[in-house]
Amino acid sequence: RATKKSDPAAGVFGYLLTGMSAMFLLFLANNAMTDLHREVRQRTMARYHTLHQHLTPFVTGKVMFAVVVLVICSVILLAGGGLIFGVAWQRPGALTALTLGYAFFAAGLMAALVALIPDERKASALNTVVSMGLALAGGCLFPPQGLPAFLRDHIAPLLPTYWFVDTARNLQYSGAVAWIPALIKL
C-alpha cells in the first residue's frame, strides 16, 4: 500500500489551528456564559429561584451547556479544520481528552468572571480582554518562543491556554508526550 507524503502546509495549518481553536473556544465560552446575565436581566433566574431553593442546578446546567457547545465547536474547529487543511491528527484520542478538559476550563473561567462582574456589558468587555490576554500570553497566536523572556519563562507556563496549546502541538509534532498532567491541570 502506498503512503501519501505529508503536505508541509498541513504542518503550519495544524500548528495555527490548535492555537486559534484555543482562543476561539474562550470567546465561545464567554458567549455561552454571559447568557447568565441575560437570565438575570429577563428575570428567568428570579422565576427559577421562586420554585427552587438553590440556584446550583441552574448554574450547573448553564456551565454544562457551555461545555457541550464548546465540545461541538471544537469538533468543528479541529476535526473540520483538519479535514479542510489536510491535517492528520497524530494522537486524536489524547487531543480529544485534552480538548474536553480545556472546554471545562474555559466554561469554568467564564462562569467565574460572569459571577464576579454583575454588569453584562462590563463583563463582556472584561471577558474579551481576558480571553485575548490569555491567548496572547499562552502562545495561541504565535510560538511562545517569540514572547519576551519574562513572559515566556515565568508567566506562560502558568496559563491554561499554554498547557492546552503546547501539549496539543507537542502531541502533533513531537510524538510521545505526557499529556495527562496537562489534562489534570486543566
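The values are calculated or read from the model by the stated rules, or taken from the named source; none is laboratory data. Predicted model only: the values in this text are computed from it and were never measured. Here the Cβ is made from the backbone with ideal geometry for all residues, glycine too, and neighbour counts use every protein chain on show. Heads up: the accessible areas ignore ligands, DNA and RNA and are worked out on the full protein's heavy atoms, side chains in. Shrake-Rupley method; radii C 1.70, N 1.55, O 1.52, S 1.80 Å.
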Here the residues within the stretch 95-141 that are exposed (fewer than 15 other Cβ atoms within 10 Å of the Cβ), in a helix (DSSP H, G or I) and of a type outside the set (Gly, Ala, Ser) are Leu116, Arg121, Lys122, Thr128, Val129
Can you tell me how many residues in the stretch 32-64 are free of Cβ contacts under 8 Å to residues at least 24 places away in the same chain, surrounded by 14 or more Cβ atoms within 10 Å (Cβ to Cβ) and closer than 30 Å to Ala97 by Cβ? 1
Only residues that are in contact with a helix residue (DSSP H, G or I) (Cβ under 8 Å, 6 or more places away or on another chain) and closer than 16 Å to Phe13 by Cα: list them for the stretch 70-94, please. Ser74, Leu77, Leu78, Gly81, Gly82, Phe85, Gly86, Val87, Ala88, Trp89, Gln90
Mind checking whether some residue in the stretch 177-186 is among the basic types (Lys, Arg) and closer than 19 Å to Tyr15 by Cβ? no
For Val87, only one of the following conditions fails: (1) under 28 Å from Ala137 (Cβ atoms); (2) in a helix (DSSP H, G or I); (3) open to solvent by less than 30 Å² (accessible area, probe 1.4 Å). What is its number? (2)
Any residue at all in the stretch 65-83 that is within 17 Å of His37 (Cα to Cα), in a helix (DSSP H, G or I), open to solvent by 70 Å² or more (accessible area, probe 1.4 Å) and not small (Gly, Ala, Ser)? yes
